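**Student:** Quick one: structure below, then a few questions.
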Amino acid sequence: MRSRVPGVVIAVLTATTLIALPSSGPTAARTGAGTVVVSGGTLIDGTGREPLPGAMIVVRDGRIAQVTTGGVSGLHAGTESIDARGKWIVPGLIDMHVHYHPGWMDALFVRHGVTTVRDVGSELESILALREESRAPGVARPRIFACGPLIDGPSPRHGQRISVSVQIVAEARAVARRLLDRGVDCLKIYEQLTPPLVEAVVREAQGTRAPVTAHLRDTAALQALDIGVRGLEHAFGFDACDETVAGEVMRRVIERGAYVVPTLAITEQISHFGSPEQETMALLSEIPAARWQYWRAAAAAASLERGTGAARRLGCLKRFVARLQGAGGQVVAGTDTSNPYVVPGASLHRELELLVEAGLTPREALAAATRTAAAFLDQAQALGTLEVGKAADLVVLGANPLVSISAVREVEVVIRDGRVVWRR
């Protein structure tokens with residue numbers, strides 16, 4: 001049986017021209033990692049432990065070498081010292097639903113403390129090249145994980161540039177195998193895939209480190225979860241406003257150890273299409289003209305009914321993610337930037353605020369963009385918490401995010417792989 005999601009269908013980006021970094025871009029990163037000491041701040045390490053006041057974090061060669069509250073000996077003359085007294089230190093943020101464009105996005109991501117992104121729909125060769133560039137030492141941009149193109153059915157809504165079409169099981173298996181052989185970090189199935197095609201992709205991915213995540217329409221969420229899909233993007237594939245169905249999906253997500261990426265930020269922006277406030281929101285001046293024109297055209301073309309439907313669905317999604325989190329489920333933060341009015345970086349801050357509005361605690365919301373996100377990436381051993389041996393991705397904040405999650409907006413310093421990539 002086919003299941004279609006009621007209400008709003010979220011639009012995915014169209015291709016844009018490569019744009020150069022704006023002049024207000026992030027501080028150039030150092031070419032060598034060296035030793036960095038961040039001292040005096042209150043450490044919120046992301047593990048769930050209580051905050052550690054007066055922390056001293058020693059970073060060597062891009063990784064956390066020591067966390068203490070005492071002095072550190074043996075530091076050489078070239079050590080870079082960052083005074084974080086009166087500040088709070090959190091792990092670098094992860095946006096788990098991005099359609100990445102090089103250049104203009106980087107400055108916005110980094111200045112908002114986003115050190116990692118997961119691209120969930122791009123042309124294969126270009127995104128793999130950008131992923132490689134993002135891992136180079138000293139780059140002032142987020143590291144990229146990538147699913148490659150959308151795996152869709154016979155008539156991909158977004159064309160053949162960022163989609164690949166499959167119609168039979170053999171084609172689905174072949175496409176999945178080709179992408180896995182190229183080393184993608186995940187596979188993303190799209191609207192037109194029916195259960196047999198979904199199963200073909202999932203079976204091909206079994207035994208690999210690449211989870212299958214889904215933007216569903218023609219396969220219901222319960223079917224997809226039973227087949228082995230690990231992620232529900234936008235919480236599609238069921239009616240979140242139907243409390244009974246939503247409860248069944250919640251239980252199945254937990255049973256299967258799956259993840260939900262609700263992307264509340266894009267749904268909120270769709271609900272605001274046509275409002276004067278949307279045209280005066282912060283940071284629009286840093287969006288390339290072609291992208292802003294696309295945003296304005298998309299908003300103008302949207303019907304009043306669509307905005308009303310998005311507002312209703314946003315309320316239902318909030319109730320669903322609160323129930324899921326409260327029952328022990330795994331909620332992950334993602335934004336769907338660069339879709340209309342979803343500004344890179346700032347929209348992840350808004351996503352966390354929306355999660356708290358839904359009923360998550362600030363600590364739980366922060367985990368959705370750090371520890372839980374890293375687990376979904378299969379990178380829990382390297383990212384998501386500030387512990388010895390892990391990548392030194394950290395953000396110094398001017399206020400306590402456990403008191404108010406909006407403190408994530410008060411970014412003072414951003415460090416990625418042990419290098420300062422942005423300072424206020």
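The values are calculated or read from the model by the stated rules, or taken from the named source; none is laboratory data. The shown structure was predicted, so the numbers you read here are calculated from the model rather than taken from an experiment. We place every Cβ from the backbone using ideal geometry, glycine too, and count neighbours over all the protein chains shown. Heavy atoms of the whole protein, side chains included, go into the accessibility calculation; ligands, DNA and RNA do not. Shrake-Rupley method; radii C 1.70, N 1.55, O 1.52, S 1.80 Å.
**Student:** Are there any helices (runs of 4 or more DSSP H) wholly within the stretch 228-337 with 1 or more residues that are buried (at least 24 other Cβ atoms within 10 Å of the Cβ) and modelled with pLDDT of 95 or more, and if so which?
**Tutor:** Output list reads 243-256, 264-271, 304-326.
**Student:** Exactly one of (1) touching a residue at least 60 places away in the same chain (Cβ under 8 Å); (2) under 26 Å from ALA322 (Cβ atoms); (3) under 24 Å from the mean Cα position of the chain (by Cα) is unmet by VAL229. Its number?
**Tutor:** Of the numbered conditions (1) touching a residue at least 60 places away in the same chain (Cβ under 8 Å); (2) under 26 Å from ALA322 (Cβ atoms); (3) under 24 Å from the mean Cα position of the chain (by Cα), the odd one out for VAL229 is (1).
**Student:** Filter the stretch 114-144 down to the residues that are among the acidic types (Asp, Glu) and open to solvent by 30 Å² or more (accessible area, probe 1.4 Å), then identify the one that is farthest from GLY345 (Cα to Cα). Write out each step before concluding.
**Tutor:** If we filter the stretch 114-144 for residues that are among the acidic types (Asp, Glu), which is where we start, we get 119, 123, 125, 132-133.
From what's left, open to solvent by 30 Å² or more (accessible area, probe 1.4 Å): 123, 125, 132-133.
Values: GLU123: 22, GLU125: 25, GLU132: 21, GLU133: 20 Å.
Once the filter is applied, the top-ranked residue is GLU125.
**Student:** Criterion first (in contact with a Phe, Trp or Tyr (Cβ under 7 Å, 6 or more places away or on another chain), surrounded by fewer than 24 Cβ atoms within 10 Å (Cβ to Cβ) and in contact (Cβ under 8 Å) with a residue 12 or more places away in the chain) does ARG209 satisfy it? Working first, answer last.
**Tutor:** Working: in contact with a Phe, Trp or Tyr (Cβ under 7 Å, 6 or more places away or on another chain): no; surrounded by fewer than 24 Cβ atoms within 10 Å (Cβ to Cβ): yes; in contact (Cβ under 8 Å) with a residue 12 or more places away in the chain: yes.
Here the answer is no, as ARG209 does not meet what is asked.
**Student:** Right, here's the next one. Looking only at the stretch 338-347, filter to residues that are aliphatic (A, V, I, L, M) and assigned to a loop (DSSP other than H, G, I, E, B); which one of those is farthest from VAL260 (Cα to Cα)?
**Tutor:** Our first condition is that a residue be aliphatic (A, V, I, L, M); within the stretch 338-347, this holds for 342-343, 346.
With the extra rule that they be assigned to a loop (DSSP other than H, G, I, E, B), the set shrinks to 342-343.
Details: VAL342: 19, VAL343: 21 Å.
Step by step, filter the stretch 338-347, then rank; the result is VAL343.
**Student:** Answer yes if at least one residue in the stretch 167-175 is in a loop (DSSP other than H, G, I, E, B), over 23 Å from ARG312 (Cα atoms) and touching a helix residue (DSSP H, G or I) at 6+ places or on another chain (Cβ under 9 Å), and no otherwise. Break it down into steps so the answer makes sense when it comes.
**Tutor:** First, the residues of the stretch 167-175 that are in a loop (DSSP other than H, G, I, E, B): 167-168.
Checking the rest, the ones that are also over 23 Å from ARG312 (Cα atoms) come to 167-168.
Those left that are additionally touching a helix residue (DSSP H, G or I) at 6+ places or on another chain (Cβ under 9 Å): 167-168.
Taking every residue of the stretch 167-175 in turn, at least one turns out to be in a loop (DSSP other than H, G, I, E, B), over 23 Å from ARG312 (Cα atoms) and touching a helix residue (DSSP H, G or I) at 6+ places or on another chain (Cβ under 9 Å).
**Student:** Would you call ARG350 among the basic types (Lys, Arg), farther than 20 Å from ALA146 by Cβ, surrounded by fewer than 24 Cβ atoms within 10 Å (Cβ to Cβ) and in contact with a Cys (Cβ under 9 Å, 6 or more places away or on another chain)? Before the answer, list the steps.
**Tutor:** Details: among the basic types (Lys, Arg): yes; farther than 20 Å from ALA146 by Cβ: yes; surrounded by fewer than 24 Cβ atoms within 10 Å (Cβ to Cβ): yes; in contact with a Cys (Cβ under 9 Å, 6 or more places away or on another chain): no.
The answer is no for ARG350.
**Student:** Select from the stretch 386-424 the residues that are surrounded by 20 or more Cβ atoms within 10 Å (Cβ to Cβ) and in a loop (DSSP other than H, G, I, E, B) and list them in ascending order.
**Tutor:** LEU386, LYS390, ALA392, ASP393, PRO401, ASP417, GLY418
**Student:** In addition: Anything in the stretch 33-47 that is at pLDDT 95 or above and either in a loop (DSSP other than H, G, I, E, B) or basic (Lys, Arg) (or both)? List them, or say none.
**Tutor:** If the condition is that a residue be at pLDDT 95 or above and either in a loop (DSSP other than H, G, I, E, B) or basic (Lys, Arg) (or both), then ILE44, ASP45, GLY46, THR47 are the ones that fit.
**Student:** Select from the stretch 92-108 the residues that are in a loop (DSSP other than H, G, I, E, B) and touching a Gly at 6+ places or on another chain (Cβ under 8 Å) and list them in ascending order. Steps first, answer last, please.
**Tutor:** Here is the first cut: in the stretch 92-108, the residues in a loop (DSSP other than H, G, I, E, B) are 92, 99-103.
Selection gives GLY92, HIS99.
**Student:** Still on this model: Is it the case, given these coordinates, that ARG63 is open to solvent by 60 Å² or more (accessible area, probe 1.4 Å), modelled with pLDDT under 95 and not aliphatic (A, V, I, L, M)? Let's see the steps before the verdict.
**Tutor:** Working: open to solvent by 60 Å² or more (accessible area, probe 1.4 Å): yes; modelled with pLDDT under 95: no; not aliphatic (A, V, I, L, M): yes.
Taking the combined requirement at face value, the residue does not satisfy it.
**Student:** Please work out which one of (1) within 13 Å of the chain's Cα centre (by Cα); (2) crowded, with 24+ Cβ neighbours inside 10 Å is the condition PRO340 fails and give its number.
**Tutor:** Only one criterion in (1) within 13 Å of the chain's Cα centre (by Cα); (2) crowded, with 24+ Cβ neighbours inside 10 Å is unmet by PRO340, namely (1).
**Student:** Considering each residue of the stretch 141-161, count those that are modelled with pLDDT of 95 or more and either of a type in the set (A, V, I, L, M, F, W, C) or farther than 27 Å from ALA373 by Cβ (or both), and give that number. Give the steps one after another, and end with the answer.
**Tutor:** Taking the stretch 141-161 first, the residues modelled with pLDDT of 95 or more are 141-153.
With either of a type in the set (A, V, I, L, M, F, W, C) or farther than 27 Å from ALA373 by Cβ (or both) added as a condition, the list becomes 144-147, 150-151, 153.
Qualifying residue count for the region: 7.
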